[in-house]
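What follows is a set of notes on a single structure, which appears directly below.
The values are calculated or read from the model by the stated rules, or taken from the named source; none is laboratory data. Only a predicted model underlies this, so the values are computations on that prediction, with no experimental measurement involved. Here the Cβ positions follow ideal geometry from the backbone for every residue, glycine too, while neighbour counts run over all protein chains shown.
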(Lines give C-alpha, C1' and ligand atoms only; values in the text may rest on other atoms or scores of the structure.)
Protein backbone atom coordinates (compact mmCIF):
# COMPACT_ATOMS: atom_id res chain seq x y z
CA UNK A 1 0.00 0.00 0.00
CA UNK A 2 1.35 3.39 -0.96
CA UNK A 3 1.15 5.75 2.00
CA UNK A 4 3.18 8.56 0.47
CA UNK A 5 1.37 11.82 1.32
CA UNK A 6 2.31 13.17 -2.10
CA UNK A 7 -0.17 10.73 -3.61
CA UNK A 8 -3.68 11.85 -2.70
CA UNK A 9 -6.20 9.04 -3.02
CA UNK A 10 -9.30 9.13 -5.18
CA UNK A 11 -12.60 7.67 -4.01
CA UNK A 12 -11.46 4.17 -5.01
CA UNK A 13 -8.28 4.37 -2.92
CA UNK A 14 -6.00 4.74 -5.94
CA UNK A 15 -3.51 7.57 -6.34
CA UNK A 16 -5.17 10.58 -7.95
CA UNK A 17 -2.24 12.15 -9.76
CA UNK A 18 -2.81 14.74 -12.44
CA UNK A 19 -0.38 14.67 -15.36
CA UNK A 20 -0.68 16.55 -18.60
CA UNK A 21 -0.94 14.38 -21.70
CA UNK A 22 2.66 15.21 -22.58
CA UNK A 23 3.91 14.41 -19.07
CA UNK A 24 2.19 11.03 -19.35
CA UNK A 25 3.89 10.47 -22.73
CA UNK A 26 7.29 11.34 -21.25
CA UNK A 27 6.72 9.15 -18.20
CA UNK A 28 5.67 6.24 -20.39
CA UNK A 29 9.05 6.37 -22.14
CA UNK A 30 11.11 7.30 -19.09
CA UNK A 31 10.15 4.13 -17.22
CA UNK A 32 11.79 2.11 -20.00
CA UNK A 33 15.11 3.82 -19.30
CA UNK A 34 15.21 6.09 -22.34
CA UNK A 35 17.45 9.15 -22.18
CA UNK A 36 16.08 12.68 -22.54
CA UNK A 37 17.44 12.76 -26.08
CA UNK A 38 15.73 9.46 -26.99
CA UNK A 39 12.44 10.59 -25.43
CA UNK A 40 12.67 13.90 -27.28
CA UNK A 41 13.28 12.15 -30.60
CA UNK A 42 10.31 9.83 -30.10
CA UNK A 43 7.97 12.67 -29.15
CA UNK A 44 9.35 15.32 -31.49
CA UNK A 45 10.34 17.70 -28.69
CA UNK A 46 13.68 19.08 -27.48
CA UNK A 47 15.85 17.58 -24.74
CA UNK A 48 15.24 20.75 -22.74
CA UNK A 49 11.46 20.31 -22.95
CA UNK A 50 11.80 16.66 -21.89
CA UNK A 51 13.87 17.79 -18.90
CA UNK A 52 11.17 20.30 -17.95
CA UNK A 53 8.46 17.63 -18.12
CA UNK A 54 10.52 15.23 -16.02
CA UNK A 55 11.13 17.95 -13.44
CA UNK A 56 7.38 18.56 -13.23
CA UNK A 57 6.66 14.83 -12.87
CA UNK A 58 9.26 14.49 -10.10
CA UNK A 59 7.67 17.38 -8.20
CA UNK A 60 4.15 15.99 -8.60
CA UNK A 61 5.22 12.57 -7.33
CA UNK A 62 7.53 13.88 -4.61
CA UNK A 63 10.39 11.79 -6.00
CA UNK A 64 13.97 12.90 -6.50
CA UNK A 65 15.28 10.72 -9.32
CA UNK A 66 14.28 8.93 -12.49
CA UNK A 67 15.10 5.61 -10.82
CA UNK A 68 12.87 6.36 -7.84
CA UNK A 69 10.09 7.39 -10.21
CA UNK A 70 10.43 4.19 -12.26
CA UNK A 71 10.40 2.04 -9.11
CA UNK A 72 7.33 3.86 -7.80
CA UNK A 73 5.57 3.45 -11.13
CA UNK A 74 6.36 -0.27 -11.24
CA UNK A 75 4.80 -0.83 -7.81
CA UNK A 76 1.44 0.39 -9.03
CA UNK A 77 -1.02 -1.65 -11.10
CA UNK A 78 -0.69 0.80 -13.95
CA UNK A 79 1.92 3.42 -14.75
CA UNK A 80 1.53 6.72 -12.94
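Can you tell me how many residues in segment 31-41 are touching a helix residue (DSSP H, G or I) at 6+ places or on another chain (Cβ under 7 Å), over 22 Å from residue 75 (Cα atoms) and either in contact (Cβ under 8 Å) with a residue 24 or more places away in the chain or surrounded by 14 or more Cβ atoms within 10 Å (Cβ to Cβ) (or both)?
Going through segment 31-41 one residue at a time, the tally reaches 3.
For segment 39-74, give me the residue count where each residue is on the phi > 0 side of the Ramachandran plot and either modelled with pLDDT under 95 or part of a helix (DSSP H, G or I) (or both).
Filtering segment 39-74 down to residues on the phi > 0 side of the Ramachandran plot leaves 44, 62.
This time we only want the ones that are either modelled with pLDDT under 95 or part of a helix (DSSP H, G or I) (or both), so: 62.
So the answer is 1.
Take the residues of segment 21-30 that are modelled with pLDDT under 95 and out of contact with any helix residue (DSSP H, G or I) (no Cβ under 8 Å at 6 or more places or on another chain): which is surrounded by the fewest Cβ atoms within 10 Å (Cβ to Cβ)?
24
Let me spell it out: the conditions are (1) over 13 Å from the mean Cα position of the chain (by Cα); (2) exposed (fewer than 11 other Cβ atoms within 10 Å of the Cβ); (3) at pLDDT 90 or above, and residue 10 meets all of them except one. Which number is the exception?
That leaves (3) as the condition not met.
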